[in-house]
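The values are calculated or read from the model by the stated rules, or taken from the named source; none is laboratory data. Worth saying up front: this structure is predicted, and the values here are computed from it rather than measured. Glycine gets a Cβ as well: all are built from the backbone with ideal geometry, and neighbour counts include every protein chain shown. Accessible surface is based on the protein model in full, side chains and every heavy atom, while ligands, DNA and RNA are left aside. Shrake-Rupley method; radii C 1.70, N 1.55, O 1.52, S 1.80 Å.
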Amino acid sequence: MRRLLAALALVVLVGLAGCTGGVVDQNALEEPATYDWDSSAEVSVNVTGGSYQSVTALGNQSNVSLFGPGEFGGESAIPVSAVQYQYPNGTVVNASAVEVAERDDRTVLEAPRSGGKIAYRATVQSNRLFLPVTVNGSYAVTLPEGTDVSLPVIGRATPGDYEADRTGERVTLTWSNPETQVITVEYYQERNLYIFAGLVGLLGLVAAAGMLYFRTQLRQLARRTGEIGPEDGLE
């Protein structure tokens, strides 16, 4: 009995240790990064591979609260890295000047003052961007090269009132002033679109062949039934 209680106590302690570990990693916060501070959008997001970089114009506020989908539903704080802050005069400082803390299932980035711009890097899971709406104004999301959201079956972006710029090598989605709490973007590799089209075509050929076989069998059955006739069937 004592061993069972000791084992249960150990499990509880391990669980509590995992819960209190948090998502703030000081070494990750101070990682180097190069940001585009000159975007005209209030929030500019550059998605590359398995991560994205975000630059947010704070306006009259001094912090942003970030979150993502929780492991068991709901919302949870997210780990961030390469945090930087640009003062209104253009001076850029690293994470040592920014307070980063986990509060109420949120990762809060507190700048030294209101105004200016704050930047960070976070992860993207399975070609799906989950972006909290943290300030008022326009949001611009640039997708990785060779990706898109235009085919509804395998790609989408919400809210749906965005504009897509496809003039360059990468697609940029822009929202003028989203009124939702979150922007989600599910993008796909354009080369996968050809695979998807090939599979659809193959399924169409299989369905057509099956229908042709079924109609042939029906015709043969009808022909045989006509050849036997009702009187021959009674002999």
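Tell me yes or no: at least one residue of region 31-46 is aromatic (Phe, Trp, Tyr), open to solvent by less than 70 Å² (accessible area, probe 1.4 Å) and under 13 Å from residue 118 (Cβ atoms).
yes
Do you know which residues across region 74-95 are open to solvent by 50 Å² or more (accessible area, probe 1.4 Å) and either assigned to a strand (DSSP E or B) or at pLDDT below 95 (or both)?
Selection gives 74, 75, 92, 94.
Is it true that some residue in region 46-56 is touching an Asp or Glu at 6+ places or on another chain (Cβ under 9 Å), small (Gly, Ala, Ser) and assigned to a strand (DSSP E or B)?
Within region 46-56, not a single residue is touching an Asp or Glu at 6+ places or on another chain (Cβ under 9 Å), small (Gly, Ala, Ser) and assigned to a strand (DSSP E or B).
For region 146-171, how many residues are β-branched (Val, Ile, Thr) and either farther than 15 Å from residue 186 by Cβ or in contact with a Ser or Thr (Cβ under 8 Å, 6 or more places away or on another chain) (or both)?
3
Which residues, counting only those in region 52-73, are touching a Phe, Trp or Tyr at 6+ places or on another chain (Cβ under 9 Å) and either open to solvent by 30 Å² or more (accessible area, probe 1.4 Å) or on the phi > 0 side of the Ramachandran plot (or both)?
53, 69
Within the group 137, 146, which residue is modelled with pLDDT under 95 and at positive phi?
Exactly one of 137, 146 is modelled with pLDDT under 95 and at positive phi, namely 146.
Pick out the one residue from 121, 113 that is modelled with pLDDT of 95 or more, among the basic types (Lys, Arg) and crowded, with 17+ Cβ neighbours inside 10 Å.
121
Could you please give the count of residues in region 126-162 that are free of Cβ contacts under 8 Å to residues at least 24 places away in the same chain and either assigned to a strand (DSSP E or B) or surrounded by 16 or more Cβ atoms within 10 Å (Cβ to Cβ) (or both)?
The total comes to 1.
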